[in-house]
Amino acid sequence: MENSNKQKFALWVTPQVMKKVRATFKDDNCRSQSEFIEKAINFYLGYLAGENNVDYFAKAITQAIKGIVKTSEDRIARMQFKEAVELAKIVRMIAPLCEVDSEELRRLHLDCVDEVKHINGILKLDGVIKGEL
């Protein structure tokens, strides 16, 4: 947000409130304590007008859900990246040991796709070793 359209004013709050603001503003994806306080004021104004403005709560809930989903997406993406790296290491270790022609590789791919569909993506090593798949 640009400062040229904003007004500066004195704000008197208790040290406990400022401690909470300093500890929390980054968790709310705010770049500054001022942005956090402005969001809090807007939220409270929306709360006060809530009986007349149901749309405000819908927007607030939507934003909260989007934030939760984004955090989950980021966490899942990081885990998938780590898993892909580990899988690439395993493939690079095993590939030179196997002599597989393109037809056999294609059949293996199709079999693995069918397996994963059958087990809903939950692959367990002990099941593979026991030949249960």
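The values are calculated or read from the model by the stated rules, or taken from the named source; none is laboratory data. Nothing here was measured: the structure is a model prediction, and the numbers come from that model. Cβ placement follows ideal geometry from the backbone for every residue including glycine, while neighbour counts extend to all protein chains displayed.
Things to note:
- Within the stretch 6-28, being surrounded by 13 or more Cβ atoms within 10 Å (Cβ to Cβ) and not in a helix (DSSP H, G or I) holds for one residue alone: Phe25.
- Test: residue in the stretch 37-49 that is of a type in the set (Phe, Trp, Tyr) and either modelled with pLDDT of 90 or more or in contact with a strand residue (DSSP E or B) (Cβ under 7 Å, 6 or more places away or on another chain) (or both): no
- All helices (runs of 4 or more DSSP H) inside the stretch 43-129 with 3 or more residues being closer than 30 Å to Asp27 by Cβ: 54-94
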